[in-house]
Amino acid sequence: MEFLYIFAYVMALFIVLITTVVFSPRSLQRSLVVLAMRFTVPTPAKDMPWKLKVLPHGPLEVVASNVWTVEGSLPPNGPRLKRKMVIHRPIGTTALWIHSPVCVNEETLAQIKGKIIFFFYFNTLGKVQWIVVPNFSHRLDAFAWSQEFPDAQIVCPRGSLTGIKSAVDIAKSCEEVFTAFSMDNDFKNTSEVQYIAPKGFYSDDANPMELGYLLKHSITQGRASAYSLVFCDAYFNLDPKSSDVDPALVTLGSVCGFSCTTIGRFLMVKNKRRAREWAEIELAAIAEGLNVVHISVAHGVDLVSRNCDEIVGAIRNSARSFEEPLSL
């Protein structure tokens, strides 16, 4: 009889807990999920050598003469989903900026580092100077990169520092290292890496958990200057017909073209109306003013166009996804 009382008491507490979570404010639900992720998602192993961390990936793809991407895989125990690394060499420098690092095979690594001939590197893209860990979910290969390139600065957004610092030592925040884009005076086409802080997102000490980045392309003769706009998980662009997409992601609302996904809205967007206005007005204006012809997303197909108007249109069309799901 005593066992039945204890069982009934435990079940009552469980029902109260579930009811509280289900009917609690969205911000509390989100906080509980983030807290659970931090305690249940294991920290990537630091004792695993680079070679053992290499998973199937594509070739080094050229976006511009100083912008490259590599599409990699997630571990077999994760969802069937591709992930993307972006490499950029700011104009007039030999420094390399790495976003969302992915361990690559010897051939691709040699393309990045160059080949050693008599103690000198030849045919290198440049010297890795910054390694950007964009958020908590993209820290998988960060430590391996920090060991392979010990002179590089490992940086991340201030709002994601808590979840990343257990996986790899962070030298500085992105906000300390890179220049904040300003609508007032930055249409001057600077060649520096600039960051964009999304509006309406959840933040840690007033700092968004994810940033966007503007990368200026090397100018091609006869063409106007152009930019790449790099995001991580704020936008996805998955094709539901692709064999690389896990069916579970379709069910969860993560496969709806170029947009913010259901999971993205839940985890990142605090003020849906503000986030929509930011994308529809501010982000679109930035893309138009700087002639953005490439948007890179961590998961899915990048947007690439010779016509900036198409990119601007895609940003405006997807803006409402910060408030509600889009249908394909």
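Is it the case that Pro59 is in contact with a Lys or Arg (Cβ under 7 Å, 6 or more places away or on another chain) and surrounded by fewer than 19 Cβ atoms within 10 Å (Cβ to Cβ)?
no
Can you tell which of Asp233, Asp244 is part of a loop (DSSP other than H, G, I, E, B), touching a residue at least 24 places away in the same chain (Cβ under 8 Å) and buried (at least 16 other Cβ atoms within 10 Å of the Cβ)?
None of the other options fit; the residue is Asp233.
Only residues in the range 300-322 that are within 30 Å of His57 (Cβ to Cβ) and outside any helix (DSSP H, G or I) count as the first member; pair them with residues that are at pLDDT 95 or above and of a type in the set (Lys, Arg), Cβ under 9 angstrom, at least 6 apart or cross-chain, and list the lot.
Between residues of the range 300-322 that are within 30 Å of His57 (Cβ to Cβ) and outside any helix (DSSP H, G or I) and residues that are at pLDDT 95 or above and of a type in the set (Lys, Arg), the close pairs are Gly300/Lys84; Asp302/Lys84.
Show the residue pairs meeting these rules: Cβ distance below 8 Å; 6+ apart or different chains; first residue within the range 48-72 and touching a residue at least 60 places away in the same chain (Cβ under 8 Å) and in a helix (DSSP H, G or I); second residue surrounded by 13 or more Cβ atoms within 10 Å (Cβ to Cβ) and acidic (Asp, Glu).
Trp50/Glu148; Lys53/Asp141
Please give the number of the condition Asn317 fails out of (1) within 21 Å of the chain's Cα centre (by Cα); (2) surrounded by fewer than 22 Cβ atoms within 10 Å (Cβ to Cβ); (3) at pLDDT below 95.
So Asn317 meets the others, but not (3).
Look at the range 251-265 and say how many of its residues are hydroxyl-bearing (Ser, Thr, Tyr) and either in contact with a His (Cβ under 7 Å, 6 or more places away or on another chain) or at pLDDT below 80 (or both).
Residues meeting the conditions: 2.
The values are calculated or read from the model by the stated rules, or taken from the named source; none is laboratory data. Note that the structure is a prediction, hence the values are computed from the model and not measured. All Cβ positions, glycine included, derive from the backbone under ideal geometry; neighbour counts span all protein chains shown.
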